[in-house]
Amino acid sequence: MSTTDESHVVVEVHGILVTVALDGEPVRCSPMPGLNLYPVVGDHVRVRPPEQEGDRPVVFEVLPRRTSLARLRRDNTRHGSSGATEHVLAANIDLAVIVAALTRPPFHPRFIDRYMVLAQRGGLDVAVALNKADLGVEPPDLTVYRDLGLEIVKVSAKTGAGLDDLRGLIAGKTVIFTGHSGVGKSSLVNALHETAMAAVGEVGGKRGQGRHTTSRTSLYRLDETTAIVDTPGVRSLSMAGIPADELGELFPEVSERAELCKFRNCTHDHEPGCGVQAAVASGEVARVRYETYLRLLHEEE
Ligand SMILES: Nc1nc2c(ncn2[C@@H]2O[C@H](COP(=O)(O)OP(=O)(O)OP(=O)(O)O)[C@@H](O)[C@H]2O)c(=O)[nH]1
Ligand SMILES: [Mg+2]
Ligand SMILES: [Zn+2]
């Protein structure tokens, strides 16, 4: 540990201990009681040496987060039973790469919508990596997402096809790989990183589901400026409790048209004179995206 002024990156969290990269070496540290924020993977922290020999180094400060990726739960304890509690998954991530398999497990484009909302809310960019290109399945039509500015790369962790495109996409950034279990997130980490040995699991059963092999979020450093955070497969994305006005802001094509609405507090659901509903009717806004918007507007859990 060079000096206590320097900041270091959290690479894993283990219950009450956090693993911090100190001069490139992973070291388990104890967060100081009463720390300003509980550290998560990607956090930049300050660490001081243990007070007594044999103790662990102490994390005594978590630096302000540039971005934060959080899941949301409806918070019924708040007045009016609206609002959400955040569970922060990772900090200081530049780009969320949604990893999907072309098949095995099956592809669910609606997952992209939901993740985009969480990513945008936390200040992250979003891209899509379609993995298992070697299985010879036609990629789904993702024009809607391309039109929204998302980069989409087709890759195979198995054959290495497309990996250079993925490398180009993530170079110089801290990225997080997210997606359902079994899509190949850890396999891609291993394919991109010379010495990573992220555990890789089987995909089985009739529906070709993954088996939740990765159980912990971990940061892998590729080079000086590039790092990948591998995450456990997502079962479902709870994200209820985003207030209607904020939700509209998180769908770029909705917020763009909201100023045309007759009512300033329009939720774009049933209101007359709604610019968003008109744009859906004319095909300017993709109906699939609008349907996800409505589902999230009414999400209860
Ligand atoms: N054919 C093919 N199989 C792949 C590819 N990438 C990964 N797999 C296989 O898919 C299975 C799941 O891969 P993992 O890397 O463990 O998937 P994961 O997304 O990390 O899964 P969780 O950790 O459970 O979230 C393994 O059997 C891999 O060998 C690919 O590009 N092509
Ligand atoms: Mg994994
Ligand atoms: Zn409206």
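The values are calculated or read from the model by the stated rules, or taken from the named source; none is laboratory data. Quick caveat, the model's predicted, so the values are computed rather than measured. For neighbour counting, all protein chains shown are included, and Cβ atoms are generated from backbone atoms with ideal geometry for every residue, glycine included. For accessibility, only protein heavy atoms count, side chains too; no ligands or nucleic acids. Shrake-Rupley method; radii C 1.70, N 1.55, O 1.52, S 1.80 Å.
Scan region 171-192 and give yes if some residue there is open to solvent by less than 20 Å² (accessible area, probe 1.4 Å), over 30 Å from Val9 (Cα atoms) and in a helix (DSSP H, G or I), otherwise no.
Taking every residue of region 171-192 in turn, none turns out to be open to solvent by less than 20 Å² (accessible area, probe 1.4 Å), over 30 Å from Val9 (Cα atoms) and in a helix (DSSP H, G or I).
How about region 89-99: which of its residues are within 14 Å of ligand 1 (Cβ to nearest atom) and either modelled with pLDDT of 95 or more or among the β-branched types (Val, Ile, Thr) (or both)? Show your work before the answer.
Our first condition is that a residue be within 14 Å of ligand 1 (Cβ to nearest atom); within region 89-99, this holds for 89, 97-99.
The answer is Val97, Ile98, Val99.
Does at least one position in region 215-224 carry a residue that is open to solvent by less than 10 Å² (accessible area, probe 1.4 Å) and touching a residue at least 24 places away in the same chain (Cβ under 8 Å)? Steps first, answer last, please.
To start, the set of residues in region 215-224 that are open to solvent by less than 10 Å² (accessible area, probe 1.4 Å) comprises none.
There is no residue in region 215-224 that is open to solvent by less than 10 Å² (accessible area, probe 1.4 Å) and touching a residue at least 24 places away in the same chain (Cβ under 8 Å).
Just a yes or no: is a residue in region 259-276 more than 16 Å from ligand 3 (Cβ to nearest atom) and either of a type in the set (A, V, I, L, M, F, W, C) or over 30 Å from His193 (Cα atoms) (or both)?
Filtering region 259-276 for residues more than 16 Å from ligand 3 (Cβ to nearest atom) gives none.
For region 259-276, residues more than 16 Å from ligand 3 (Cβ to nearest atom) and either of a type in the set (A, V, I, L, M, F, W, C) or over 30 Å from His193 (Cα atoms) (or both): absent.
Since His44 meets every condition but one in (1) within 26 Å of Thr178 (Cβ to Cβ); (2) surrounded by fewer than 19 Cβ atoms within 10 Å (Cβ to Cβ), which condition does it not meet?
Going through the list (1) within 26 Å of Thr178 (Cβ to Cβ); (2) surrounded by fewer than 19 Cβ atoms within 10 Å (Cβ to Cβ), His44 breaks only (2).
Is it the case that Val234 is under 17 Å from the mean Cα position of the chain (by Cα), open to solvent by less than 70 Å² (accessible area, probe 1.4 Å) and among the aliphatic types (A, V, I, L, M)? Can you show your working first?
Values: under 17 Å from the mean Cα position of the chain (by Cα): yes; open to solvent by less than 70 Å² (accessible area, probe 1.4 Å): yes; among the aliphatic types (A, V, I, L, M): yes.
Spelling it out, Val234 is indeed under 17 Å from the mean Cα position of the chain (by Cα), open to solvent by less than 70 Å² (accessible area, probe 1.4 Å) and among the aliphatic types (A, V, I, L, M).
Do we have any residue at all in region 265-278 that's surrounded by 13 or more Cβ atoms within 10 Å (Cβ to Cβ), over 24 Å from Arg121 (Cβ atoms) and small (Gly, Ala, Ser)?
The answer is yes; a qualifying residue exists.
State whether the residues of region 207-230 include one that is under 17 Å from Lys132 (Cα atoms) and not in a loop (DSSP other than H, G, I, E, B).
yes
Of the residues that make up region 133-144, is at least one more than 16 Å from ligand 3 (Cβ to nearest atom), buried (at least 21 other Cβ atoms within 10 Å of the Cβ) and either in the same structural domain as Glu256 (by TED's automatic domain parsing) or not hydroxyl-bearing (Ser, Thr, Tyr) (or both)?
Taking region 133-144 and keeping what is more than 16 Å from ligand 3 (Cβ to nearest atom), we get 133-144.
Retained after the next criterion (residues that are buried (at least 21 other Cβ atoms within 10 Å of the Cβ)): none.
The answer is no; no qualifying residue exists.
Is one or more of the residues making up region 257-274 among the small types (Gly, Ala, Ser), in a loop (DSSP other than H, G, I, E, B) and over 21 Å from Ile93 (Cα atoms)?
Just the residues of region 257-274 that are among the small types (Gly, Ala, Ser), to begin with: 258, 273.
Next, from what is left, pick out any that are in a loop (DSSP other than H, G, I, E, B): 273.
This time we only want the ones that are over 21 Å from Ile93 (Cα atoms), so: 273.
There is at least one residue in region 257-274 that is among the small types (Gly, Ala, Ser), in a loop (DSSP other than H, G, I, E, B) and over 21 Å from Ile93 (Cα atoms).
Kindly provide the set of residues from region 47-70 that are open to solvent by 80 Å² or more (accessible area, probe 1.4 Å) and in contact with a strand residue (DSSP E or B) (Cβ under 7 Å, 6 or more places away or on another chain), ordered by number.
Arg56 - this is the single residue of region 47-70 that is open to solvent by 80 Å² or more (accessible area, probe 1.4 Å) and in contact with a strand residue (DSSP E or B) (Cβ under 7 Å, 6 or more places away or on another chain).
Count, please, the residues in region 155-170 that happen to be open to solvent by 30 Å² or more (accessible area, probe 1.4 Å) and outside any loop (DSSP other than H, G, I, E, B).
Qualifying residue count for the region: 4.
Residues checked against (1) within 13 Å of ligand 1 (Cβ to nearest atom); (2) modelled with pLDDT of 95 or more; (3) assigned by TED's automatic domain parsing to the domain that holds Ala127:
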position	(1), (2), (3)
Ser156	yes, yes, yes
Leu166	yes, yes, yes
Phe177	yes, yes, yes
Leu188	yes, yes, yes
Ala196	yes, no, yes
Lys206	no, no, yes
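Applying the selection to region 22-75, what residues are in a strand (DSSP E or B), in contact (Cβ under 8 Å) with a residue 60 or more places away in the chain and farther than 16 Å from Ala90 by Cα?
Going residue by residue through region 22-75, those that are in a strand (DSSP E or B) are 22, 25-31, 41, 44-48, 58-62, 68-74.
When the remaining residues are screened for being in contact (Cβ under 8 Å) with a residue 60 or more places away in the chain, the result is 41, 69, 71-74.
Result: Arg73, Arg74.
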